[in-house]
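Novice: Before we start, here is the structure in question, set down as structure tokens.
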Amino acid sequence: MKNNIKKKQHYYPKFLMKYFANEDGKLYTYIRKVNQIKYLNYQKICSDKYFYETDEIVDNILENKFIGYESKMSLIVDKIIKEFERKIETKDFTLEISLTDDEIDFIFKYLWIQYLRTDRGKIEFIRSTYYKSYTSRKLPLDIDEIQESKKNKRRETLEFNRIFKLGNNLEEFVETFKKPSSTNFQILIGKNFITSDNPVIGFYRNMRICMPISKNICLSFNESMSYENMIVALTEEQERNLNRGQITTANYYVISKEKFDIETNFYIYRRFQDPNFKENFIKYNNNIIE
């Protein structure tokens, strides 16, 4: 049985990262721990040993639960990618991407699953659920806070694993994520989206949540009573804000299919090397990421 245990476990699934990879299976990656940009195979990043296990037992239960959700989401993402490519090939941009209500509802669930399964998501879930003194943050957890959490007696990431590998706890919790009727699903189109180890980001107190699935496509839910088209082409400024959101929420990796341009490199430098970044971000940025 031990031979069947999967040790290397991805918190950003390979089926999503592969759409950012080039034909050689590699992508451009800023690695926070070494402060370097490297051209790496997508399968080598965003993973850790026994990421979904506990000290008591290594059984792959939680890992397999997430793989089940990945399998369903991968079919939907593949469908979106192929239909988008068909629009490009035929140059018929009036074509709609045909998603059922059930598929859209599952996408909504999956974005929350993807947020929860990371170090950041695990810790924030435990704190917001069980700590009476918890208050919402204006900036996401940073790497130092995550490492401190893993060392202290609470060890919140392990507690998350312990809770959700039991019985149907994860399945029942996921079912509580219902897309509100006032929330519109959109497919955002851009020229060069980047992503990170925390790919799900929220704007305007989570009134809009987004997750890029390729260089050109980002999935989004926007809470609004007004009707909006499903497919929306972003302006350069909107795309820039979304990419900056990815950098701001990153803990370990920033990922791109293309080489980072000068502006993106500078924002990465500011995010991870400038001690005044947090203060300036809160003071001047209207699109607070939470």
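Novice: Which condition number in (1) surrounded by 14 or more Cβ atoms within 10 Å (Cβ to Cβ); (2) in contact with a helix residue (DSSP H, G or I) (Cβ under 8 Å, 6 or more places away or on another chain) is the one that SER98 fails?
Specialist: Every condition holds for SER98 apart from (1).
Novice: Those residues that are touching a residue at least 12 places away in the same chain (Cβ under 8 Å) and either assigned to a helix (DSSP H, G or I) or farther than 27 Å from ASN198 by Cβ (or both), I need them from segment 94-105; list them, please.
Specialist: Going residue by residue through segment 94-105, those that are touching a residue at least 12 places away in the same chain (Cβ under 8 Å) are 95-99, 103-105.
Correct list: LEU95, GLU96, SER98, GLU103, ILE104, ASP105.
Novice: Still on this structure: Between LYS14, LYS38, which is surrounded by 15 or more Cβ atoms within 10 Å (Cβ to Cβ) and charged (D, E, K, R)? Please lay out each step first, then the result.
Specialist: Numbers: LYS38 fails: surrounded by 15 or more Cβ atoms within 10 Å (Cβ to Cβ).
Of LYS14, LYS38, the one residue that is surrounded by 15 or more Cβ atoms within 10 Å (Cβ to Cβ) and charged (D, E, K, R) is LYS14.
Novice: Also: Can you tell me which of LYS65, LYS82 is crowded, with 16+ Cβ neighbours inside 10 Å and of a type in the set (Lys, Arg)? Don't jump to the end; show me each part of the working.
Specialist: Working: LYS82 fails: crowded, with 16+ Cβ neighbours inside 10 Å.
From the options LYS65, LYS82, the qualifying one is LYS65.
Novice: Considering each residue of segment 136-157, count those that are basic (Lys, Arg), over 19 Å from PHE277 (Cβ atoms) and outside any helix (DSSP H, G or I), and give that number. Let's see the steps before the verdict.
Specialist: Taking segment 136-157 first, the residues basic (Lys, Arg) are 137-138, 150-151, 153-155.
If we keep only those that are over 19 Å from PHE277 (Cβ atoms) too, we end up with 150-151, 153-155.
Right, trim to outside any helix (DSSP H, G or I) and you get 153-155.
Total meeting the criteria: 3.
Novice: Taking segment 1-20 only, how many residues are modelled with pLDDT of 95 or more and in a loop (DSSP other than H, G, I, E, B)?
Specialist: 3
Novice: Step by step: first the residues of segment 120-137, then only those that are surrounded by 12 or more Cβ atoms within 10 Å (Cβ to Cβ) and of a type in the set (D, E, K, R), then the one that is farthest from MET230 (Cα to Cα). Which residue is that?
Specialist: ARG127
Okay, residues lined up against (1) within 19 Å of GLN114 (Cβ to Cβ); (2) modelled with pLDDT of 95 or more; (3) touching a Leu at 6+ places or on another chain (Cβ under 9 Å):
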position: TYR52; (1), (2), (3): yes, yes, yes
position: LYS65; (1), (2), (3): yes, yes, yes
position: GLY68; (1), (2), (3): yes, yes, no
position: ILE81; (1), (2), (3): yes, no, no
position: PHE84; (1), (2), (3): no, no, no
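Novice: Among the listed residues PHE173, PHE193, PHE160, which satisfies the condition of being open to solvent by less than 60 Å² (accessible area, probe 1.4 Å) and outside any helix (DSSP H, G or I)?
Specialist: Of PHE173, PHE193, PHE160, the one residue that is open to solvent by less than 60 Å² (accessible area, probe 1.4 Å) and outside any helix (DSSP H, G or I) is PHE193.
Novice: Hey, another quick one. Might you let me know whether segment 106-119 holds any residue that is in a loop (DSSP other than H, G, I, E, B), open to solvent by 20 Å² or more (accessible area, probe 1.4 Å) and of a type outside the set (Phe, Trp, Tyr)? Show your work before the answer.
Specialist: As a first pass, look at segment 106-119 and keep what is in a loop (DSSP other than H, G, I, E, B): 117-118.
Keeping just the survivors that are open to solvent by 20 Å² or more (accessible area, probe 1.4 Å) gives none.
Looking through segment 106-119, none of the residues is in a loop (DSSP other than H, G, I, E, B), open to solvent by 20 Å² or more (accessible area, probe 1.4 Å) and of a type outside the set (Phe, Trp, Tyr).
Novice: Being of a type in the set (A, V, I, L, M, F, W, C), surrounded by fewer than 18 Cβ atoms within 10 Å (Cβ to Cβ) and under 17 Å from the mean Cα position of the chain (by Cα) narrows it down to one of MET211, MET207, MET230, so name that one. So that I can check it myself, show each step before the final result.
Specialist: Details: MET211 fails: surrounded by fewer than 18 Cβ atoms within 10 Å (Cβ to Cβ); MET230 fails: under 17 Å from the mean Cα position of the chain (by Cα).
After applying the criteria, what remains is MET207.
Novice: Just to be sure before I move on: is LYS44 within 24 Å of TYR269 (Cβ to Cβ), open to solvent by 80 Å² or more (accessible area, probe 1.4 Å) and charged (D, E, K, R) in the structure I sent?
Specialist: Details: within 24 Å of TYR269 (Cβ to Cβ): yes; open to solvent by 80 Å² or more (accessible area, probe 1.4 Å): yes; charged (D, E, K, R): yes.
Spelling it out, LYS44 is indeed within 24 Å of TYR269 (Cβ to Cβ), open to solvent by 80 Å² or more (accessible area, probe 1.4 Å) and charged (D, E, K, R).
The values are calculated or read from the model by the stated rules, or taken from the named source; none is laboratory data. All values derive from a computational prediction rather than experimental measurement. Please note: Cβ atoms are built from the backbone with ideal geometry, for glycine as well, and neighbour counts cover all protein chains shown. Please note that ligands, DNA and RNA were not included when accessible areas were found on the heavy atoms of the full protein model with its side chains. Shrake-Rupley method; radii C 1.70, N 1.55, O 1.52, S 1.80 Å.
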